[in-house]
6 protein chains.
Amino acid sequence: MNGIAVRNIHRADHGAIETLERLGVATVHEAQGRTGLMLPYMRPVWRGARIAGSAVTALCHPGDNWMIHVACEMVKKGDVLVVACSSENSDGAFGELLATSLRALGCKGVVLDMGARDAAEISEMKFPLWSRAISAKGTVKATVGSVNVPVVCGGMAVKPGDVIVADDDGVVVVERKRAQEIAKAGEEREKKEAGSRSRLQKGELGLDIYGMRKGLEEKGLKYVDGPLD
Amino acid sequence: MNGIAVRNIHRADHGAIETLERLGVATVHEAQGRTGLMLPYMRPVWRGARIAGSAVTALCHPGDNWMIHVACEMVKKGDVLVVACSSENSDGAFGELLATSLRALGCKGVVLDMGARDAAEISEMKFPLWSRAISAKGTVKATVGSVNVPVVCGGMAVKPGDVIVADDDGVVVVERKRAQEIAKAGEEREKKEAGSRSRLQKGELGLDIYGMRKGLEEKGLKYVDGPLD
Amino acid sequence: MNGIAVRNIHRADHGAIETLERLGVATVHEAQGRTGLMLPYMRPVWRGARIAGSAVTALCHPGDNWMIHVACEMVKKGDVLVVACSSENSDGAFGELLATSLRALGCKGVVLDMGARDAAEISEMKFPLWSRAISAKGTVKATVGSVNVPVVCGGMAVKPGDVIVADDDGVVVVERKRAQEIAKAGEEREKKEAGSRSRLQKGELGLDIYGMRKGLEEKGLKYVDGPLD
Amino acid sequence: MNGIAVRNIHRADHGAIETLERLGVATVHEAQGRTGLMLPYMRPVWRGARIAGSAVTALCHPGDNWMIHVACEMVKKGDVLVVACSSENSDGAFGELLATSLRALGCKGVVLDMGARDAAEISEMKFPLWSRAISAKGTVKATVGSVNVPVVCGGMAVKPGDVIVADDDGVVVVERKRAQEIAKAGEEREKKEAGSRSRLQKGELGLDIYGMRKGLEEKGLKYVDGPLD
Amino acid sequence: MNGIAVRNIHRADHGAIETLERLGVATVHEAQGRTGLMLPYMRPVWRGARIAGSAVTALCHPGDNWMIHVACEMVKKGDVLVVACSSENSDGAFGELLATSLRALGCKGVVLDMGARDAAEISEMKFPLWSRAISAKGTVKATVGSVNVPVVCGGMAVKPGDVIVADDDGVVVVERKRAQEIAKAGEEREKKEAGSRSRLQKGELGLDIYGMRKGLEEKGLKYVDGPLD
Amino acid sequence: MNGIAVRNIHRADHGAIETLERLGVATVHEAQGRTGLMLPYMRPVWRGARIAGSAVTALCHPGDNWMIHVACEMVKKGDVLVVACSSENSDGAFGELLATSLRALGCKGVVLDMGARDAAEISEMKFPLWSRAISAKGTVKATVGSVNVPVVCGGMAVKPGDVIVADDDGVVVVERKRAQEIAKAGEEREKKEAGSRSRLQKGELGLDIYGMRKGLEEKGLKYVDGPLD
């Protein structure tokens, strides 16, 4: 599946996307059994954004951002563009002009396994952007890749239409068909955490709230009075 | 000393801790003969905090944060929790719920040789946190480590009760018994630097203020008029 | 050319420097044919500065910042100090006292292939500083290097008097003799980008604005209707 | 798909596997359009092996190799075991005892996105093994992962039954259903390369053999007589 | 403890050292509860050595190997020299002349948290050497460090007289006072592994030999018949 | 100087090249005042080669090896091809076919700031090759770079005609005009080292041979009898 651009994709349930966006990366990742998280090198260009949307995917080659232009035509309002690269590369494949274009097209943000340029302008525009590096290194438009094919981005497999959730903690991928199930599981987790939070705020220990003492004893943890020195 | 949790530790002198906190990392590091600094990968999750306190130590295993929960019980008001890991790991062992708990317990901040999650929430809480990475990767509670044993964190040996000083420059460790001596040496260095600063502000050269010209000549530096091209 | 300090250098055209500063790193890099960019590990200590100036160069050794002091004497108003190191090293070779000195001497900023210390103070002073790391690790003054010789900094060759342009996107080097030519090319590029921007803002596709469709077809990109799953 | 172990998988065509093994990584990667290659950190523990086989996959967690034991039961003669990890981890998840077990079970080799231990013994056994690191760090058996589910290993998506080809150049993945097509394309490429090789050995230039001169001229390469200095 | 050279140290039990050497890194590391292993960047300059001995420690500064010369005077027959550095540095602090000197003095090998030079000559001499890098970068003798003080090397705390065990798997540290206990535990582990090995060679599964099936079921692993695709 | 290919270059003195080759990297690097060494990531694909020759340079772009083909036409008997890249890239730009071509043309070896493929075949051919990575990732021929212009390779500036010396310790660059001077300095250093070696073999200490004791005392090193624990 090299050299193809797929025009139409299935998108995820809109309500589920809204819930996943509100929950954020850490909760969603836990809610789906601690899976789907991209590697921690994928960082926001500016801090404070939180987005979710269906993935439109582009597979580029090192030093080449041609397929991002092709992908722009496939993006619909609410989508998140996910850019993978066929080898490790930090060249500046995405900058303020592409951000301007994608904003005009309704794109919610970009996850980029290459470098981002125009960091100041993109921060000022508040265009949500996660990348592996910030680099002004220019790219060419010389080699054909693909759009809307399955890719690996940030160490995680992404299929077109999967839900991408991204915030200051990084980026997590939710399979399209599981979006509603995970959104629901995340809301339950959120409620449970709220209960723990209020007890922790009063100074109760997690050891007691989560009932860990018995397990620690069984696994052989030994308490010693100390001090040892 | 694996699998033990030590309840009581000696803590460092309170006045020395206050002075070391005011002096900050760079001055304290110089004052103790350029030793004790953790590796530069240890970075604040948000910029602007400066703390010092006695170390409570936890030794975790990769992907597992169980011992942080055990360590919470040992933390007293004013302590800094230092989390080491038995191998290199950036999983998100510490997040907003643990920060809430530690704040309630009086902990001044955390130095974490693993990953931090809930970066936005922790920044908003202004809970002081230094870590090797930001990652939402969830952790398990499956393997016993130790609490309040000597550890290596950020490439530096830390014993329970040592003073941890942390700010935007990173993290430095001061041996508990030397805390007062180093605090005093730091204050002297501070005074000396104030004198240099006012002369530098007037445009005097460090070469003259620090009397470097003779040493440079002895070591063979040759001045050439130039330009060479 | 080891162990020499060159007092006088040719500097770049003042008007060209002003233009290059206004254009910024990404545009200048493109304008000179996508060359001259330092590696992306060279990052600002604080976000928001944009500077350009003639390079005064210093070649230090790992853990040693002596030559920065020697270089201070060579800096004139408007210069940018470029510090290279003879091997990879992140020690804190530059801090607030040196920043104070260089500001008094009219230096516009520093590009440092070593570590920066006093990150909080330098950010507050708004002294423009790019470095490979933030580290409080103290340095010695023991080994002679050179000042105002050609160096490699951030993976890029820099000669004394070359123009250094630096902003949130990183650092780019323009050869002194080409400064005016590149400034002019940059202004032309800027105008062209303004035209593209206004069309992109209206939702036109880059594919059409840049006329890419024919090239993509020639290179064999195949459109598929989809969805494929 | 977390916490499951799939007993039976489809395997790739035996003849195709034999051909792909003979062709080796570089040829196979080119033959399938320069796709499928794992990242270059995936290196052989010893040099000189070349294998191909159907993938049995295991998804482990950091510091934990339990699922490798589960996967052993699924391995059939001629398979290659592919071990992924839910986060970046170099702990020594695989050593001589597991190699002994897998050899007895007919496994052709292992591709491990964790660390390998017993490097000397495994080299002496000539058990084919690729890993991201060599490390004796012991692992636990505490957390359940999965066996024979799709994984990402070395930055590349692998499904159970895909063909894994590995040699001194690294590791390439061929989709199971395309194995015969790629084997054939590789053989054609091999023949073509043999022709080029004999001409290159006689001193003919690639520029002429591959007819590159016209393209270079069109893209604007300018020849200059020189020397320039 | 900066700037001191300690002449005499306690050394570990000779019989224990012999046993630990025979057992090798992986077994010793497991025998002491999976502790003491240096980070995996510490690699042998040539493959095939296995040594153990009491540690003589040197603390150097980046780009400076002076303290290695001081340490040579402290080395006795059978010792292993452990060289730490006050910051991350890969300069070539150790080469063939120092290897010649240490061999003459009876030193069994060197563990170097800096770079090694003369890789070909040292390999030919078969002088056992582990380092973080191979680099010919020359070092100076300008700054005083310490000899025979506690250090952190390869991410692990080492005290003078601790036993260093090193082979192709890396380097492990055994506390001096625990050397005999760990040697004994290692021999027991070795016997147990021999039993497992012979069963694995016959094709028995680790799942059965180690009795893992019940634990897997309790932790919720589900078997599925498959194939799933 | 982008997009040009320079046909003729000045080459270094043949006798000097022969001497520099015999001396090897570590000695040459020291003889020219500890300058010119490439970064330690530049490693031989196989161990045991030692070469020197005049540099023919090629500047490629990430994922593109077109300029290597252009450079082949410029290579004369005894040259060393130096391949730089406009950004960090480990794609497999050089393999067995290019090695075959360059061997036929008399090239002594290649220094490659990209990835090498066909590692097994190149090792068997004993074609001398240093690279930043081993990777089979295929490259395109789409973007024009330059041949025989000044480049930065492995963090070091290289001009066409400079002498490249490479062996198991890495790669060092000697300016063409200084080749004879450095060759002579290297031979003197070699003689001096021979004297030291024979004294070290007899067990004399470097401290005494190099007369270091007075300097150590002046810099404040204090000897302590010990043991301290």
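The values are calculated or read from the model by the stated rules, or taken from the named source; none is laboratory data. Everything quoted here is computed from the prediction, not taken from an experiment. Here the Cβ positions follow ideal geometry from the backbone for every residue, glycine too, while neighbour counts run over all protein chains shown. Side chains included, ligands, DNA and RNA excluded: accessible areas come from the protein's heavy atoms. Shrake-Rupley method; radii C 1.70, N 1.55, O 1.52, S 1.80 Å.
Things to note:
- Search result, residues across region A:146-155 that are crowded, with 24+ Cβ neighbours inside 10 Å and either over 17 Å from A:Ser90 (Cα atoms) or polar (S, T, N, Q) (or both): A:Ser146, A:Val147, A:Asn148, A:Val151
- Close Cβ contacts (under 6 Å, 6 or more residues apart or on different chains) running from residues in region A:24-37 that are at the interface with chain B (Cβ under 7 Å from one of its Cβ atoms) and closer than 14 Å to D:Leu59 by Cβ to residues that are among the hydrophobic types (A, V, I, L, M, F, W, C) and part of a loop (DSSP other than H, G, I, E, B) comprise A:Leu37/B:Ala136.
- Some residue of region A:62-70 being open to solvent by 30 Å² or more (accessible area, probe 1.4 Å) and either within 30 Å of D:Glu175 (Cβ to Cβ) or modelled with pLDDT under 95 (or both): no
- Residue within region D:129-141 that is among the hydroxyl-bearing types (Ser, Thr, Tyr), more than 15 Å from the chain's Cα centre (by Cα) and away from chain B (no Cβ under 14 Å) present: no
- The residues of region C:199-229 that are part of a loop (DSSP other than H, G, I, E, B), open to solvent by 60 Å² or more (accessible area, probe 1.4 Å) and within 20 Å of A:Cys60 (Cβ to Cβ), listed by number, are C:Tyr210, C:Lys219, C:Leu228.
- Search result, residues across region C:71-85 that are touching a helix residue (DSSP H, G or I) at 6+ places or on another chain (Cβ under 8 Å) and surrounded by 24 or more Cβ atoms within 10 Å (Cβ to Cβ): C:Leu81, C:Val83
- Members of region D:36-46 that are more than 11 Å from the chain's Cα centre (by Cα) and either under 20 Å from D:Pro150 (Cβ atoms) or open to solvent by 10 Å² or more (accessible area, probe 1.4 Å) (or both): D:Tyr41, D:Trp46
- Filter result for A:Gly145 (more than 18 Å from the chain's Cα centre (by Cα) and within 28 Å of A:Thr35 (Cβ to Cβ)): yes
- Residues within region A:106-128 that are within 11 Å of chain C (Cβ to nearest Cβ) and in contact with a Ser or Thr (Cβ under 6 Å, 6 or more places away or on another chain), tallied: 2
- Taken over region E:165-197, the residue count meeting the criterion of being more than 9 Å from chain D (Cβ to nearest Cβ) and in a helix (DSSP H, G or I) is 19.
- Sole exception among (1) touching a helix residue (DSSP H, G or I) at 6+ places or on another chain (Cβ under 6 Å); (2) under 14 Å from A:Thr139 (Cα atoms) for A:Ile122, by number: (2)
- From C:Ala49, C:Ala120, C:Ala136, C:Ala58, residue being in a strand (DSSP E or B) and either in contact (Cβ under 8 Å) with a residue 40 or more places away in the chain or open to solvent by 20 Å² or more (accessible area, probe 1.4 Å) (or both): C:Ala58
- Subset of region A:142-164 [at the interface with another protein chain (Cβ under 7 Å from one of its Cβ atoms), closer than 30 Å to B:Glu124 by Cβ and part of a strand (DSSP E or B)]: A:Met156
- Taken over region B:43-95, the criterion of being closer than 30 Å to A:Gly48 by Cβ and of a type in the set (D, E, K, R) is satisfied by B:Arg43, B:Arg47, B:Arg50, B:Glu88, B:Asp91.
- Among the residues making up region A:10-35, a single one is out of contact with any helix residue (DSSP H, G or I) (no Cβ under 6 Å at 6 or more places or on another chain), assigned to a loop (DSSP other than H, G, I, E, B) and open to solvent by less than 20 Å² (accessible area, probe 1.4 Å): A:Gly24.
- Selection of first residues in region F:184-198 that are open to solvent by 100 Å² or more (accessible area, probe 1.4 Å) and of second residues that are among the aliphatic types (A, V, I, L, M), restricted to Cβ pairs under 8 Å at least 6 apart or on distinct chains, gives the following pairs, ordered by first then second residue: F:Glu188/F:Ala31.
- Of all residues making up region A:86-105, the number that are open to solvent by 20 Å² or more (accessible area, probe 1.4 Å) and either over 29 Å from F:Asp64 (Cα atoms) or within 14 Å of chain F (Cβ to nearest Cβ) (or both): 6
- Top-ranked residue of region F:73-93 - restricted to ones that are out of contact with any Asp or Glu (no Cβ under 7 Å at 6 or more places or on another chain) and among the aliphatic types (A, V, I, L, M), ranked as farthest from F:Arg7 (Cα to Cα): F:Ala93
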